[in-house]
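Structure, as structure tokens:
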Amino acid sequence: MNDQIPGQETLSEDDRRSAFREELRLTPETGGGRIVGRVPKKFLMSAIAVFVVLGLGGELVEHYFGNIGLPTSTAPTTTFTTPPTTPLSATTTVPSVMNAADAFIGLKFIGTASVPTFSFIDQHGVTVTPTTTQGKVTLITFYNKNCNDICPVLGAELHDAIVDLGAKAKDVVIDIVNTDPFSYGASNNPLALTQPGLAGDTNVHFLTGPVANLNAVWKAYGIQVNVGASANEVAHNSLVYFVSPSSQLAAFATPFAKESKLEQFSLNSTDIKKFARGLELEAISLIQ
């Protein structure tokens, strides 16, 4: 990757790494990866925060953004930029006719790719891995612990999908991986679950762990996390993966929402219900 900007002075990799760890208060153990790119010396001297990109290859890249790079012009608007290619190599099989629900949620069929491994603690202090939920359909998705990103919209869609599943909900598990490197401690009542009404469902897990471990999983699942030096400067692309009972990645959907000037996310109730319906139908198609 080459993001050099003409006229800027070059810092060594060690200088960039030190600046990054100082701004985010990361230790060498939790601030893994390498830093590339250029940062002007006056940028650091004026105490403006160093922006970085986490994920997609585990690289840390200085990155400047104003409105967090999230479009707001049309409705529905894609909240984040989807990775240009399917995150994992697999044989793609696509039905000849995509139904309206699949099209609305941006469903892409993966095939039979193995689920990237992870091991995180959920809101109950229980260790969860991909094999924990083997035998059930698992939805794996990503948003912030404090519900200050797409969480209010995507959380509502997940909640409605569970309600729509009815008795079949017992065969579906939802794993939500934390995307906030500023708030990654385990909590028994994270806003990520309480705000959208997911806290009471035993089949919903909010997963978190050390930043280095989170970053590895973001990379594996094609999630790019843009962060700044303050807690409200976090943005990421948004995906929902569908995992079959035999632990194979079957498909992924692309959530969307509108972002206000105050960086708050919303979507009308009709579209939330339509997206939830799409999640429900794909989950049902995988139940054995």
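The values are calculated or read from the model by the stated rules, or taken from the named source; none is laboratory data. Here the structure is a predicted model, which means the values were calculated and not measured. Neighbour counts run over all protein chains shown; Cβ positions are idealised from the backbone, glycine included.
One residue alone among Val153, Val126 is at pLDDT 50 or above, closer than 26 Å to Leu165 by Cα, crowded, with 19+ Cβ neighbours inside 10 Å and touching a strand residue (DSSP E or B) at 6+ places or on another chain (Cβ under 9 Å), and that residue is Val153.
Matching residues to (1) in contact (Cβ under 8 Å) with a residue 40 or more places away in the chain; (2) of a type in the set (A, V, I, L, M):
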position	(1), (2)
Ala156	yes, yes
Asp164	yes, no
Ala167	no, yes
Lys170	no, no
Asp175	yes, no
Pro181	yes, no
Tyr184	no, no
Leu193	yes, yes
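Considering each residue of the stretch 211-218 in turn, none proves to be crowded, with 17+ Cβ neighbours inside 10 Å and under 21 Å from Phe275 (Cα atoms).
The residue that is farthest from Thr131 (Cα to Cα), counting only those in the stretch 224-248 that are buried (at least 23 other Cβ atoms within 10 Å of the Cβ) and modelled with pLDDT of 95 or more, is Val240.
Answer with yes or no whether Thr202 is over 14 Å from the mean Cα position of the chain (by Cα), assigned to a helix (DSSP H, G or I) and at pLDDT below 95. No; evaluated as a whole, the condition is false for this residue. Of the residues screened, Phe252 is not one that is within 18 Å of the chain's Cα centre (by Cα), farther than 15 Å from Phe109 by Cα and either aromatic (Phe, Trp, Tyr) or surrounded by fewer than 19 Cβ atoms within 10 Å (Cβ to Cβ) (or both). Taking the stretch 172-210 as the range and being more than 18 Å from Phe242 (Cα to Cα) and among the charged types (D, E, K, R) as the test, the residues that pass are Asp180, Asp201. Residues that are part of a loop (DSSP other than H, G, I, E, B), over 20 Å from the mean Cα position of the chain (by Cα) and either among the small types (Gly, Ala, Ser) or more than 13 Å from Val153 (Cα to Cα) (or both) within the stretch 255-280 comprise Lys261, Leu262, listed in sequence order.
Against the conditions (1) surrounded by fewer than 23 Cβ atoms within 10 Å (Cβ to Cβ); (2) assigned to a helix (DSSP H, G or I); (3) touching a Lys or Arg at 6+ places or on another chain (Cβ under 8 Å), Ala192 satisfies every one except (1). Exactly one residue out of Ala283, Ala251, Ala235 is in contact (Cβ under 8 Å) with a residue 24 or more places away in the chain and not in a strand (DSSP E or B), and it is Ala283.
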